[in-house]
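K.L.:
Mind looking over this structure? Questions follow.
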């Protein structure tokens, strides 16, 4: 089933939208709460879903269990190796200053740390759970 792109829906219709796009194939928008093989794959899906990312740079996480990258130096993206518990995702992210309006969006093997408004739009496309208190 195909749906029109760019149509703003009220929050109450989010469940209906998820049901409509569930028939789409591939990772990213259209398939929520999927896992990603690389941080580049996560970045591609997240930006398609609405994450602002004019400049993407893969970074060294310092851990073989975490692949990281940054978007415009304002959002941190991370993809975790198999076997890393979801509860450990946020604790493995680099520390950041406590910034009002910042949150972490966590999926099955990934996390995105950034602006709440940006992440809410991204969440509508790729799923995940919003964590605002680290």
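K.L.:
Could you list 48, 74 so that the one with the fewest beta carbons within 10 Å of its beta carbon is first and the one with the most is last? Before the final figure, lay out each step's value.
P.N.:
Details: 48 14, 74 17.
Lowest count first: 48, 74.
K.L.:
Arrange 55, 44, 61, 38 by Cβ neighbour counts within 10 Å, fewest through most, would you?
P.N.:
On the way: 55 9, 44 16, 61 19, 38 12.
Ordered by Cβ neighbours within 10 Å, fewest first: 55, 38, 44, 61.
K.L.:
Then there is this: Taking the Cα-to-Cβ direction at residue 35 and at residue 100 and moving 7 Å from each Cα, how far apart do the two end points lie in nm?
P.N.:
The two pseudo-label positions are separated by 4.0 nm.
K.L.:
By how many nm would the segment from residue 72 to residue 129 grow when fully extended, if each residue of separation counts as 0.36 nm and the alpha-carbon distance is taken off?
P.N.:
Working: separation 57, 0.36 × 57 = 20.52 nm, distance 2.25 nm.
Taking residue 72 through residue 129 to full extension adds about 18.3 nm, to one decimal.
A short reminder: the numbers here are calculations on the coordinates, not readings from a lab. These numbers come from a predicted model, not from an experiment. FYI the Cβ positions are ideal-geometry reconstructions off the backbone, even for glycines, and counts take in every protein chain you see.
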